[in-house]
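Data block below; observations after.
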Amino acid sequence: MNFPILTTALLAPVIAALVIVFLPREEERLAKSIAAIGTGISLLISIYVYFAYDTSVGGYQFVDFGQPIPWIPDLGVTWYMAVDGLSLPMLLLTNLIGFTAVFASWNVKERAKELMILLLLLIAGVMGTFIAQNLFIFLLFYEVVVIPIYIMVIIWGSSKRVTKEYAGMKLTIYLLIGSAFLLVGVMAIFAKALDITGIPDMSFEGLAQVAFPEQFQIYMFALLLIGFGTLLSMWPLHSWSPDGYAGAPTAVSMIHAGVLKKIGGYGLIRFAIYVFPLGAKFWAPVIAVLGVIGVAYAAMGALAQKDLKYLVGYSSVSHMGYVLLGFATLGLIGVNGAVAIMFAHGVMAALFFSMVGFIYEKTHTRWIPELGGLFQNAPKLAVGFMLAGMASLGLPGLVNFLPEFTVFIASFKVYGILAVIAIAGIIITALYILRAGANSLFGPARPEYKDVKDIRGPEMVPLVVLGSVLVIGGILPSLLFDMINSGVEPLMAHVNDILQMGGGR
Amino acid sequence: MATSLNPTYFIFLSAALFAIGVYGVIAKKNIIAVLVSIEMMLAAVNINLVAFNKFFTPEAFIGQIFAIFVVTVAAVEIGLGLALAIALVRKRGTTNLDDFDWLKW
Amino acid sequence: MHIDYSLLSTEIALAILGLIVFTLGLTLPSRSTNRGLGAFAIFGLLIVLGITVSFWGTQAELLAGMYLIDNFSVFFKILALVAAILIVFGTMSYANNNLSRQLEYYSTIIFATLGMIIMISAGDFITLYIGLELMTVSFIILVAFRKTDGHSLEAGIKYLILAGVSSAVLLYGLSLIYGATGTVYILELAELVTAGTISPLLVFGLVLLVAGFGFKISAAPFHMWAPDVYEGAPTPITAYLAVGSKAASFAILVRVFVGGLAGMQEQWATLLAVLAAISILLGNLVAIPQTNIKRMLAYSSIAQAGYIMVGLLTASPEGIKGVMFYAFIYLFATIGAFVVVCAVYEKTKSDEIASYAGLSQRSPLAAAVMLISLLSMAGIPPLAGFVGKFYLFTTITDNFMWLVYIGLIMSMVSVYYYLRVALVMYRDEPTDPTPIKMGAAVNVTLIIAMVATLVLGIYPTPLSELSNIAAQSFFTW
């Protein structure tokens, strides 16, 4: 398999963005169509790769050009694009959300051309983090996404409770400061590995083979946890998340809550836990506690919200707590569940944000008490909203149920009482989701929303695509779990080997 | 003769001269006075160079050559400084450094 | 003594070019020839650049070690020449419209370049001093070039005084080192100064040297001239000061400290680390409230000096390589930013950040280049600054971990004020929506700067290998 199919998927949105640069400003519709084509190609490729991947073999497959291409030799950087069972769900998720995000912003009139360019660059950046198997390239893409988001928030964002300038800057500075810690860690790790082995190598596999001393592992893991934890909105580093999502335009909220956050989780498992098992073991209880606090705190926070976007924002912080709890078990089942939550929550959050975006577009408010009875005029919109809501509270039959269940089982064995608190979070989730749904969608039709039109045409794409994934994933969970298992198993096997050897390395 | 003079004297002399120059640059408000102070600092350097040449490397004239270069360049610098001072007097009517506050100092 | 003058072809050619341009400027009276003079200067500089490139791989010393030619010096000479060419090329229309009499303008730029090049190759203190002063004196003239403008004159006198003081401090340090070791040759110094032979005189000289060079590279706390001079000087000169003067000063700083005083690394490394930390902190924090873009860039350049200093601390080939790599990419980022400043000034006659409102609609290219240049300085991937910082900071993770924290966190803080410019350019509506027309020369320069910043960020290998070779040659004396 020498054709660089993953690089092609990565470049499709970039090329689409370049084409749009040269379009005249008035050709909005054409720009949007090109953006849809660009992301569509990536989506098709990732679907193809997802189903062509051989889970019985596992490991890296679809390695571009058949092998890592030397890129910056003195830093040990190689152009190493490949997928395994861990990357693939994330890649698919990225492109699902990227494709639908284009349609979710179909109605944007103001400077649509620029919006599409930035959106495409953002999608390409996120995609890159998931398929790059070299730490340096991963970092490159990791940070590249921050700036387009900032520009998108300040131009197309909304200033409801906080100004969009504040929201954009808060989001950007939070993430960048978090990534500064990450960068410090990466530089120290690179220098240390070079010291130990004498060969510059920044591939995840290569770094995992280096025998780092235990003290160093603990130190570095803390830095990585701060970096990735900020992105994953780990409590207490989460406060950018609700404000940022509320200020951001729909497409950005979708991508950010849907996939960008998951880069944090992905980095934790792919890099932090895999390369520093001893550090992970040291910090696991802390992660578990922070995760559970996040679940409870954010669920309570969501309960108090009257703005739909804040509600979804807090809810996503709360769900990320489960991911952290799953990682903290450091066991195959728990990590499997955590990765599956990342996928499931991504689909759900993207659908949620796109529906909230449409509600806002049509009613010009996101304030729950001002809404009501939308079901009468916009049934499809209401269905989409409730589908996302049901997935969020973990209704069996939708994709989110099984992953959360798995995490509860695994974490209960390890952490007991903490897991019980986390499970209790589900009840609060049900409370705020149902209340929001009931107050904004159902009840008597309000006269001021008499003329609200239901979603139609391109607006249907997010609902159809993401909704069907929610349902299919719920009915056929093995599609997701087999894939994830094939990726997580070797990683966790490596981790457990080292943990069993103990600190004697 | 050799006992009466040793390099320490020159080091202290030049250090004193240099310190006076530094003080002048900081304390004086007039451009001309500041330029004179800079010249004093350079004079301190020259004393150093010539003295070290005499005591440490009497066989090579490297310190003296250096001093000649310093003198030459110092003349260039002072010429330029005076030219600028004249231009400033014409334009702004003052040689007091405190008056040059158009740019935040 | 036989002297191989061919080794000096770069310097001789540059001096001849400077004299020709000077003579032409005097003898060709009409205003229309000014444009031709600039083109001629660029053409000449390109030839000199070609000559310099042909020296790549030569390792020789001249006049018993007074003049050193190695890949390290050739690398920095290329840098200085590229900077001169790009700046003259990109700001020719600015010079034509804003500087009344230009007959000395181009020749003085060439002489400043000559000063840099002599300084870069200097093998002893006398050559160092001559090169440094030639550069400084030329810059004083250039900074005060708009002699009818009070701001320019004020910047000139401030630069003159502080440059004079810093030269004196530097010289005093050099004289003490000469007194302590009895030599002015840097290579001899390296043999004489070893850990066992450190005298108080030497240490005192070293401290003065740090202070003197600190002025030249505008490192805090010796930075106070930079904001005023950057703001008051004509913008092309500001750009050249920020790039050329700084890079050349770094070259000689490396030569003296790493090449000559490596035996005292313990003493100066901590000193420089503290200086770097102060520069990074102060530069980035004071840049935040600035409203004038040239002042903001001045403070940011102070921070950049701090980053580059990091490469010196270990006195290792990796660190020197980082210095060279970073200096080169800093060139493109700075020139990109300042050429945009020139272009905007020509239209709006203002350097205030507020006047950049809606630049993305008035000139998408200028806004994009400004954004990319600023983000490269902040070290955001995939721009070149990220790789540069990676090279620099990985060398010190063992001994100066605290500085790594300061450097990286502050570079993220710097994004805050860089993004405020982006905010004004991209979000705000322009007060005057007419497009800013830039000449072909400006466009080409901007595109070169942008492409270089992007490409070197994504694929830095060619430049990093060149700087690696150059850094190796530095250690083979």
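Please tell me if C:Phe390 is without any contact (Cβ under 8 Å) to a residue 60 or more places away in the chain and not acidic (Asp, Glu).
For C:Phe390, the condition - without any contact (Cβ under 8 Å) to a residue 60 or more places away in the chain and not acidic (Asp, Glu) - is met.
Residue by residue through the range A:29-55, note down the ones that are touching a residue at least 24 places away in the same chain (Cβ under 8 Å) and either basic (Lys, Arg) or not in a helix (DSSP H, G or I) (or both).
A:Lys32, A:Tyr53, A:Thr55 - these are the residues of the range A:29-55 that are touching a residue at least 24 places away in the same chain (Cβ under 8 Å) and either basic (Lys, Arg) or not in a helix (DSSP H, G or I) (or both).
Taking the range A:158-169 as the region of interest, how many residues are facing chain C (nearest Cβ under 10 Å) and crowded, with 24+ Cβ neighbours inside 10 Å?
Initially, the range A:158-169 is screened for residues facing chain C (nearest Cβ under 10 Å), giving A:164-165, A:168-169.
After this cut, where a residue has to be crowded, with 24+ Cβ neighbours inside 10 Å as well, the list is A:168.
Qualifying residue count, the range A:158-169: 1.
If I filter the range A:258-302 down to residues being surrounded by 21 or more Cβ atoms within 10 Å (Cβ to Cβ) and of a type in the set (Val, Ile, Thr), which single residue comes out as farthest from the chain's Cα centre (by Cα)?
Here the answer is A:Val275.
Based on what the data block shows, is C:Thr314 β-branched (Val, Ile, Thr), in contact (Cβ under 8 Å) with a residue 40 or more places away in the chain and not in a helix (DSSP H, G or I)?
On the way: β-branched (Val, Ile, Thr): yes; in contact (Cβ under 8 Å) with a residue 40 or more places away in the chain: yes; not in a helix (DSSP H, G or I): yes.
When the stated conditions are applied, C:Thr314 passes them.
When the range C:453-466 is examined, which residues are found to be within 10 Å of chain A (Cβ to nearest Cβ) and touching a residue at least 40 places away in the same chain (Cβ under 8 Å)?
C:Gly457, C:Ile458, C:Pro460, C:Ser464
For the range C:198-253, which helices (runs of 4 or more DSSP H) that fit wholly inside it have 3 or more residues that are among the hydrophobic types (A, V, I, L, M, F, W, C)?
Values: elements: C:200-216, C:225-232, C:235-240.
Passing ranges, in order: C:200-216, C:225-232.
Kindly check whether there is at least one residue in the range C:144-151 that is over 25 Å from the mean Cα position of the chain (by Cα), at pLDDT 90 or above, part of a helix (DSSP H, G or I) and within 11 Å of another protein chain (Cβ to nearest Cβ).
no
Among the residues of the range A:456-505, how many are of a type in the set (Lys, Arg) and closer than 21 Å to A:Trp106 by Cα?
So the answer is 1.
Looking at (1) within 9 Å of chain B (Cβ to nearest Cβ); (2) more than 17 Å from B:Met41 (Cβ to Cβ); (3) surrounded by 24 or more Cβ atoms within 10 Å (Cβ to Cβ), find the lone condition where C:Gly182 falls short.
(3)
When you go through (1) closer than 30 Å to C:Thr270 by Cβ; (2) of a type in the set (A, V, I, L, M, F, W, C); (3) at the interface with chain A (Cβ under 7 Å from one of its Cβ atoms) one by one for C:Trp402, which number turns out not to apply?
(3)
Give me a count of the residues in the range B:56-66 that are within 9 Å of chain C (Cβ to nearest Cβ) and assigned to a helix (DSSP H, G or I).
Number satisfying all stated conditions: 5.
Going through the range C:109-129 one residue at a time, which ones are under 16 Å from the mean Cα position of the chain (by Cα) and either within 18 Å of B:Ile62 (Cβ to Cβ) or among the β-branched types (Val, Ile, Thr) (or both)?
Matches in the range C:109-129: C:Ile109, C:Ile110, C:Thr113, C:Ile117, C:Ile118, C:Ile120.
Considering only the range C:236-251, I want to know if a residue exists there that is within 14 Å of chain B (Cβ to nearest Cβ) and of a type in the set (A, V, I, L, M).
The answer is no, given that none of the residues of the range C:236-251 is within 14 Å of chain B (Cβ to nearest Cβ) and of a type in the set (A, V, I, L, M).
Among the residues of the range C:107-116, are any closer than 21 Å to C:Asp4 by Cβ, surrounded by 24 or more Cβ atoms within 10 Å (Cβ to Cβ) and either among the aliphatic types (A, V, I, L, M) or modelled with pLDDT of 90 or more (or both)?
yes
Here is a yes/no grid of residues against (1) surrounded by 15 or more Cβ atoms within 10 Å (Cβ to Cβ); (2) among the charged types (D, E, K, R); (3) farther than 30 Å from A:Trp106 by Cα:
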position: A:Phe401; (1), (2), (3): yes, no, yes
position: A:Ala410; (1), (2), (3): yes, no, yes
position: A:Lys413; (1), (2), (3): no, yes, yes
position: A:Leu418; (1), (2), (3): yes, no, yes
position: A:Leu434; (1), (2), (3): no, no, no
position: A:Lys453; (1), (2), (3): no, yes, no
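Residue by residue through the range C:222-281, note down the ones that are polar (S, T, N, Q), more than 23 Å from C:Val82 (Cβ to Cβ) and out of contact with any Leu (no Cβ under 8 Å at 6 or more places or on another chain).
Of everything in the range C:222-281, those that are polar (S, T, N, Q), more than 23 Å from C:Val82 (Cβ to Cβ) and out of contact with any Leu (no Cβ under 8 Å at 6 or more places or on another chain) turn out to be C:Gln265, C:Thr270, C:Ser279.
Scan the range B:23-46 and report the pairs whose first residue is facing chain C (nearest Cβ under 9 Å) and whose second residue is of a type in the set (D, E, K, R), with Cβ atoms within less than 8 Å and a gap of 6+ or a chain change.
Close Cβ pairs (under 8 Å, with a partner that is of a type in the set (D, E, K, R)) amount to B:Val34/B:Lys28; B:Ser37/B:Lys28; B:Ile38/B:Glu77.
Considering the range C:411-452 alone, what residues qualify as being outside any loop (DSSP other than H, G, I, E, B), surrounded by 16 or more Cβ atoms within 10 Å (Cβ to Cβ) and either touching a strand residue (DSSP E or B) at 6+ places or on another chain (Cβ under 9 Å) or away from chain A (no Cβ under 14 Å) (or both)?
C:Ala441, C:Val442, C:Asn443, C:Thr445, C:Leu446, C:Ile448, C:Ala449, C:Ala452
Is the range A:181-198 home to any residue that is closer than 30 Å to A:Tyr310 by Cα and not aliphatic (A, V, I, L, M)?
yes
Restricted to the range C:102-135, and to residues that are over 23 Å from C:Val74 (Cβ atoms) and assigned to a helix (DSSP H, G or I), which residue is nearest to the other protein chains (Cβ to nearest Cβ)?
From the range C:102-135, those over 23 Å from C:Val74 (Cβ atoms) are C:102-108; that's our starting set.
The next check asks that each one be assigned to a helix (DSSP H, G or I); those that pass are C:105-108.
Numbers: C:Tyr105: 16, C:Tyr106: 19, C:Ser107: 16, C:Thr108: 12 Å.
By that ranking, first place goes to C:Thr108.
In the range A:141-157, what residues are without any contact (Cβ under 8 Å) to a residue 40 or more places away in the chain, within 19 Å of the chain's Cα centre (by Cα) and at the interface with chain C (Cβ under 10 Å from one of its Cβ atoms)?
Correct list: A:Phe141, A:Glu143, A:Val144, A:Val146, A:Ile147, A:Tyr150.
For a quick check of your reading: which helices (runs of 4 or more DSSP H) sit entirely within the range A:281-378 and have at least 1 residues that are closer than 21 Å to A:Gly157 by Cα and at pLDDT below 90?
Because the criterion is at least 1 residues that are closer than 21 Å to A:Gly157 by Cα and at pLDDT below 90, the helices (runs of 4 or more DSSP H) in the range A:281-378 that meet it are A:308-328, A:332-363.
Among the residues of the range C:184-194, is there at least one that is of a type outside the set (Ser, Thr, Tyr), out of contact with any Asp or Glu (no Cβ under 9 Å at 6 or more places or on another chain) and part of a loop (DSSP other than H, G, I, E, B)?
Yes - at least one qualifying residue is present in the range C:184-194.
Count, please, the residues in the range A:180-212 that happen to be in contact with a Gly (Cβ under 6 Å, 6 or more places away or on another chain) and within 27 Å of A:Val488 (Cβ to Cβ).
Final tally of qualifying residues: 4.
In the list B:Val89, B:Val73, which residue meets the criterion of being part of a helix (DSSP H, G or I) and within 7 Å of chain C (Cβ to nearest Cβ)?
Of B:Val89, B:Val73, the one residue that is part of a helix (DSSP H, G or I) and within 7 Å of chain C (Cβ to nearest Cβ) is B:Val73.
Hey, can you tell me all the residues within the range C:379-399 that are among the small types (Gly, Ala, Ser) and more than 9 Å from chain A (Cβ to nearest Cβ)?
Answer for the range C:379-399, where residues must be among the small types (Gly, Ala, Ser) and more than 9 Å from chain A (Cβ to nearest Cβ): C:Ala384, C:Gly385, C:Gly388.
Residues that are modelled with pLDDT of 85 or more and within 17 Å of C:Thr395 (Cβ to Cβ): list the helices (runs of 4 or more DSSP H) wholly contained in the range A:129-202 that include at least 3 such residues. Walk me through how you get there before you give the answer.
Values: elements: A:135-144, A:146-156, A:164-197.
Output list reads A:164-197.
The values are calculated or read from the model by the stated rules, or taken from the named source; none is laboratory data. This one's a predicted model, so the numbers in the text were calculated from it and none came from an experiment. Glycine gets a Cβ as well: all are built from the backbone with ideal geometry, and neighbour counts include every protein chain shown.
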